[in-house]
Amino acid sequence: MTTTPFATGTDRPGIICFSVHDNGRPLSDASCSLFRIEPVPPAGKSAKVGHVDHYVTTASTQGDGRGVFPKQPAGNYHVICHHVPDPIQNPSHVTVEPGGVHDVCFELGLDVTATAMLLNPDCTPNPCRSPQVGDDVEIRMVHNYSDRIELEVDAPASLRPIPGVPNAWRYHVASAGLQQLRLDTFVPFVAVSTVPEVPGGRNKAGLGVSAEFEGSEKTPQPVTGDIGVALQRTATATTSDLSLWQGILNSTGQLAFNNYLHYMDTLFCGETDSPDLPDFEQARFQEKRRTFREELRPKRLLPFTDSDAYRVVKAATEAFVMVNCGVLRPPRPFDRDGDLAYLKRRDLPPPGLAEVEMVFTDQYLVPFRGGRVQDRTLPYLAVIRSKLPDIGIKLQGLDSDLESVGQCTGLLQEKLTNPCLLELIWSYWHEEGMLVQTMNSIARRFQNVRSGERDPLVNLEIDPLRPLNNVLWGYVQDEQHRLSIVRRNYEYDHHYGLRLEGKAVRRMQTADSRSRFLEAFHNLLRYCTSFFKQDDDTTVKADAFPVLNALKEVHLILSQGAHNQFGDLPSTARIEMLMQQWLLARPEFREFLPTRIMTAYPEPWMDRVDAMKKVQGWTDTSVLHFRNLAIFGEQILLSIRWGHWSDVQDPLQAFNWARFFRPQIQGYSHAYRSVTGVELALESPDAKIDATLPSVLLQRRLATQQRVA
């Protein structure tokens, strides 16, 4: 190749225009680098003149696929495109004339194409006919350099990725006519060692590719004989927060007493694990045992003699709650078959081809400012994190051995990435159901304290040969380290504006009460009742806007009470009440409390509480209804508290929420009427909301019961 000597400084510079296309389609933001060719003097008389390329600059194309290197001195140049497999091996040579304009064209040869293929119901190709409404079509993207360059594709939301098949999607034909599916494709930048780091020179090239096909209406088929016509409920679309609600439902199910009882029996009674448990339940069970044996049991001590049995029970219960209350840390509480079956029963669409856990991990959870690349959290917590941009993330707690001076302050990463999903309303309703009072009465009798003129527990004699005797000894000794009824009552008021009634909690002076919570929550339940009636009517499209507005109001009130003891008191109360239930479920109590054997209580501690209420003359409402209020109330409020409702404008999520939690909402309303006599399932929008405190209603019913007796 012969080079042209460089022009003098008096000559005008030239312009090099370049364009990048693939099969005639322009690439935007395509990067090209310019090299100037300079001669190298010969090393000897017989040597030939050499040449060397000197890097000049890098530029990118515009939307029309064209770019420019302006004001280049006359001479010889090489231009390379950074979006082919071997850029340095495929340069374009250009000689710049003084004041001239020179064009360089790059045709990548990728030949990116998108094809549409009709699928049979078993996902095999069907080349025999064109797509019709209701069919599934497979969209595939291919190019010539698939073995050397990996393209990035931004597909529209209507395309569902096919797991395990790169650059392949499934599309459901919803209407007839021309279907144009645009796939925004990005060709990666292929680096060259001689090109330095240049701002703006490391971008990906954009290429628009479309898959087109003609969709037709289904061919009508003649029908003979009797024809049945059926109406269906309003169709809905899937939303990513369905995965959060499913995780909450499964997590609270894992916290149920029967699971706790099985866990305790396996630890202390030598029972074997259940082989038919789902994988995530078995993994969580092993994690609970590891947490108990390695983390908690060696550290939990009591300053009392002969209380080791109670200490072990306390540490095991803490491990049970710690592992089950979080839904963000693996093993996450998802069961593929069970989750899909629940969604089907609620007439909710499954999350496409992905499993519920994949949707929760990849779509619902979001990264937060200051976290690591792999750290993700709930959208609600990500918003709270964004309000504190000046505060760093603290990786370890103050009690960690890995603490460093640079991490003495900051937001706790554990609280952001794995919050404990518990609601104190669970403890409130169990306390109203007389669980704590039952254990208090037993503890007083265990200490030989007489109850009243005629002691109903006069025959409660637990001999020291029973395991329950020593556990109760530790329970009584540890009373000073448990939450008092006064502390719980203050926190009930701080969270929900709810209060207990009785001598021990008179003259309460709360600093911050959620006095509007009960009205807002009951208003939400009323709107849900109206929604259910509309949703069951197949001739009406149910309006979810009132439900959405009520959800926003309850979410706002709940978030205002998430301060101070919110992070620790609910879990502490849960641990203490689970231990009380476990103590009452011990078989020794059959000899001391006249329980009704033929009544089918779902949990073995419940008949002990009802028996105590009978002998003490307390309320005659079964503890079963209080337990249902606790379970259903916790599941409903968790979905409201931790959902990102403040930023939701589309009623679709409220529509799905009402359908998803319909059993819990209707179960809560029924149990509330059984306990208080107040009907929450009011269909009329003008009906007055009863926001009377449940404790007041319970006192009235008890007074009526005693007058009748």
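The values are calculated or read from the model by the stated rules, or taken from the named source; none is laboratory data. Because the structure is a prediction, the values reported are computed rather than measured. Ideal geometry is used to build each Cβ from the backbone, glycine not excepted, and the neighbour counts take in all protein chains shown.
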When residues of the stretch 143-167 are filtered for being in contact with a strand residue (DSSP E or B) (Cβ under 7 Å, 6 or more places away or on another chain) and surrounded by fewer than 16 Cβ atoms within 10 Å (Cβ to Cβ), how many remain? 4
Considering residues of the stretch 446-481 that are among the β-branched types (Val, Ile, Thr) and farther than 19 Å from residue 436 by Cα only, the residue surrounded by the most Cβ atoms within 10 Å (Cβ to Cβ): 462
If you go through 146, 92, the only one that is more than 40 Å from the chain's Cα centre (by Cα) and among the polar types (S, T, N, Q) is 92
Could you give every pair whose Cβ atoms fall below 6 Å, whose first residue belongs to the stretch 9-38 and is farther than 14 Å from residue 82 by Cβ, and whose second residue is basic (Lys, Arg) and surrounded by 15 or more Cβ atoms within 10 Å (Cβ to Cβ), counting only separations of at least 6 or pairs across chains? 19/66
For the stretch 671-683, which positions are within 22 Å of residue 533 (Cβ to Cβ), of a type outside the set (Asp, Glu) and in contact (Cβ under 8 Å) with a residue 40 or more places away in the chain? 671, 672, 674, 680, 681, 682
Report yes if some residue within the stretch 466-476 is within 21 Å of residue 573 (Cα to Cα), part of a loop (DSSP other than H, G, I, E, B) and out of contact with any helix residue (DSSP H, G or I) (no Cβ under 6 Å at 6 or more places or on another chain); otherwise report no. no
Residues in the stretch 473-525 that are of a type in the set (Ser, Thr, Tyr) and at positive phi: how many? 0
Checking residue 178 against (1) touching an Asp or Glu at 6+ places or on another chain (Cβ under 7 Å); (2) in contact (Cβ under 8 Å) with a residue 60 or more places away in the chain; (3) not β-branched (Val, Ile, Thr): exactly one of these is not met. Which one? (2)
Across (1) charged (D, E, K, R); (2) surrounded by 22 or more Cβ atoms within 10 Å (Cβ to Cβ); (3) closer than 30 Å to residue 384 by Cα, residue 514 clears everything bar (2)
Taking the stretch 203-236 and the residues there that are loosely packed, with under 11 Cβ neighbours inside 10 Å and under 30 Å from residue 543 (Cβ atoms), the one that is modelled with the highest pLDDT would be 235
What number of residues within the stretch 321-344 satisfy the criterion of being among the hydrophobic types (A, V, I, L, M, F, W, C) and in a helix (DSSP H, G or I)? 6
Odd one out for residue 702, checked against (1) surrounded by fewer than 21 Cβ atoms within 10 Å (Cβ to Cβ); (2) over 22 Å from residue 492 (Cα atoms); (3) more than 30 Å from the chain's Cα centre (by Cα): (2)
Quick one: which residue in 658, 709, 703, 691 is hydrophobic (A, V, I, L, M, F, W, C) and modelled with pLDDT under 85? 709
Just give me the residues in the stretch 655-698 being surrounded by 16 or more Cβ atoms within 10 Å (Cβ to Cβ), out of contact with any Ser or Thr (no Cβ under 6 Å at 6 or more places or on another chain), under 25 Å from residue 246 (Cα atoms) and not aromatic (Phe, Trp, Tyr), in sequence order. 658, 659, 662, 664, 665, 666, 667, 669, 670, 671
Every residue from the stretch 202-216 that is under 17 Å from residue 60 (Cα atoms) and of a type in the set (A, V, I, L, M, F, W, C): 205, 207
Can you tell me which residue is farthest from residue 118 (Cα to Cα) among those in the stretch 137-175 that are charged (D, E, K, R) and touching a residue at least 60 places away in the same chain (Cβ under 8 Å)? 148
Inside the stretch 214-235, the number of residues satisfying the requirement of being of a type in the set (Val, Ile, Thr) and in contact (Cβ under 8 Å) with a residue 60 or more places away in the chain is 2
